[in-house]
Amino acid sequence: MDIIMGKEKIMHGESGLEYMCPHCGATNTVQIGILKDMYTEQFDSCSGCKKHLSLTPADGVGGRINLVIDALDPDFRAR
């Protein structure tokens, strides 16, 4: 099943990882391409509350991927 989000087409379960916003609990999707920069902090914003988020992909148990998610301070300035 395909899901259209904005201008990007995401194949459900194949090219996107879902995660919950630590601030409001909304479900968000990040492209699998984020995995090419493992252990590198990347940035996104929540589709629900629009809070700026920090995402860091890391190796998980059993070959799975862990996304370490943190809400950023409102005074955060993009680098």
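Quick notes on this one:
- If you go through segment 13-49 and keep only what is small (Gly, Ala, Ser), over 13 Å from Leu67 (Cβ atoms) and out of contact with any Leu (no Cβ under 9 Å at 6 or more places or on another chain), you end up with Gly13, Ser15, Gly25, Ala26, Gly33, Ser47, Gly48.
- Residues of segment 58-71 that are open to solvent by 50 Å² or more (accessible area, probe 1.4 Å) and without any contact (Cβ under 8 Å) to a residue 12 or more places away in the chain: Val61, Gly62, Gly63, Arg64, Asn66.
- Elements of the type strands (runs of 3 or more DSSP E) sitting completely within the chain and holding at least 3 residues that are among the aromatic types (Phe, Trp, Tyr) and at pLDDT below 90: there are none.
- Positions within segment 42-69 being small (Gly, Ala, Ser) and either over 9 Å from the mean Cα position of the chain (by Cα) or within 10 Å of Val30 (Cβ to Cβ) (or both), in sequence order: Ser47, Gly48, Ala58, Gly60, Gly62, Gly63
- Cβ-Cβ under 8 Å pairs, at least 6 apart or on other chains, segment 36-57 side touching a residue at least 24 places away in the same chain (Cβ under 8 Å) and among the charged types (D, E, K, R), far side part of a loop (DSSP other than H, G, I, E, B) and open to solvent by 70 Å² or more (accessible area, probe 1.4 Å): Lys51/His23
The values are calculated or read from the model by the stated rules, or taken from the named source; none is laboratory data. Just so we're clear, the structure is a prediction, and the values are computed from it rather than from any experiment. When we count neighbours, we look across all protein chains shown, and the Cβ atoms used for this are built from the backbone with ideal geometry, even at glycine. Surface accessibility is based on the protein's heavy atoms, side chains included, excluding ligands, DNA and RNA. Shrake-Rupley method; radii C 1.70, N 1.55, O 1.52, S 1.80 Å.
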